[in-house]
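Worksheet for the structure shown next.
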Amino acid sequence: MHAVRMHQHGGPEVLVYEDAPDPRPGPLDVRVRVRAVALNHIDLWVRRGLPRLRLQFPHILGADIAGVVDAVGEGVEGVAPGDAVVLSPGVSCGQCRWCIAGDDTLCPRFSIFGEHIPGGYAEFVVAPRANVLPKPARLDFVRAAAVPLVFLTAWNMLVTHARLRSGETVLIWGAGSGVGSAAIQIARLYHARVIATAGADWKLERARALGAEAVVNHSTEDVYEAVRRLTDRRGVDVVFDHVGAASWETSLRVLARGGRLVTCGATTGAQAPTDIRYIYGRQLSIFGTWVGAKRELLEVMVHVEAGRLDPVVHAVLPLAEARAAHEMLERREQFGKVVLAVSEAGA
Ligand code: ZN
């Protein structure tokens, strides 16, 4: 098959479009002919290298996969070659106490496609049967691939951890990111008021179109002052943060009493001061999210099927241009998802 593989960590130049062996499905696995794979920031982190991440090279990135089932392994039921599917990005053992309880992200063996196991930057990927979901009929493969990881992550943050309620106010940092564009829609689904930030005015307009009631340009405005003004000095109930060092102190300061800070990333850096007095004085809670459980993705897909949640796709590039796609994400040029389209084999 054709695949984009990396033989070492580094910049976008380590992504090489080349021939690779076809993967074979083991028992209870399916092989999927990939039609589209969406990029996520985790792709950049894994490409650059992370502490304690030991990859077997050559490695294939790509967590968000849509395609057609091509072959099934021994013992697979309910899925057949020809089925159009999307893959749940999280893979776990399925047998431990956490998996059985539905908390598969707490499984000691939890990983996502393209992290410790081969991902979707390829014509074929092998996945456990348990990860296979039907592709929503109303979405093409590109848009279907843009759904799982960001909507699952944002759902885990806002619904599961922050327990967002109608009438509450949420500050969403970085609305132009895939996860930000998902968070705005989930917050609106729960009838919350959304204040969104972005670093460019055209992105703020897009955030408004998705349902943000107020927008703040975090490059030119003081987010703390803006939020105080927009909430009559009260602050917000929930802060949705994936920015990290550049946003953290403001995120804590803008929370109202009883506020919840949820975080899933630190794209601007991982070290930031925390004034502990805010946490006890205002009775704040801080939650960390790493992906989300399969059962949560099933809830998300109900809303995606019905059109209440909709992926935002910024650009589609061919698989062979994965390097350019990574550069696009690194320059933060996008509003929504960057997706790689994988042509049908032989085409
Ligand atoms: Zn497990």
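With a Förster radius of 22 Å applied to the beta-carbon distance between HIS7 and CYS93, the computed FRET efficiency rounds to 0.15.
Between the exposed loop cleavage positions of the chain, defined as GluC sites (Glu not before Pro) in a non-H, G, I, E, B DSSP state with at most 11 neighbouring beta-carbon atoms within 10 angstrom, the longest gap is 78-343. What helices in the chain pass both tests, a Cα length along the helix axis of 15 Å or more and a mean Kyte hydropathy of 0.5 or higher, using whole DSSP H runs? Both cut-offs are met by 178-189. Of the trypsin sites (Lys or Arg not before Pro) in the range 274-305, the ones in a loop by DSSP (not H, G, I, E or B) with at most 16 other beta carbons within 10 Å are ARG282.
Accessible surface for CYS93 stands near 40 Å², nearest 10, in the context of the full protein assembly shown (1.4 Å probe).
Top mean-square fluctuation among ALA306, ALA66, ALA245, Gaussian network model of the chain, C-alpha springs under 10 Å? Highest fluctuation of the listed residues: ALA306.
Mean residue ellipticity, 222 nm, helices only, the chain: the sum of -39500 (n - 2.57) across DSSP H runs of n ≥ 4, divided by residue count and rounded to 500, is -7000 deg cm²/dmol. Accessible surface for the chain, divided over its residues, is 43 Å² per residue with a 1.4 Å probe.
For the range 197-345, the carbon plus sulfur part of the accessible surface works out to 47%, probe radius 1.4 Å.
If R₀ is 25 angstrom, what is the calculated FRET efficiency for the pair ARG48 and ARG109, using the beta carbon separation as r and rounding to 0.05? Efficiency for this residue pair is about 0.60.
Solvent-accessible area of the range 1-94 (1.4 angstrom probe, protein heavy atoms only): carbon and sulfur portion equals 48 percent.
The values are calculated or read from the model by the stated rules, or taken from the named source; none is laboratory data. The shown structure was predicted, so the numbers you read here are calculated from the model rather than taken from an experiment. Please note: Cβ atoms are built from the backbone with ideal geometry, for glycine as well, and neighbour counts cover all protein chains shown. Protein only, heavy atoms only, side chains kept; ligands, DNA and RNA dropped before computing areas. Shrake-Rupley method; radii C 1.70, N 1.55, O 1.52, S 1.80 Å.
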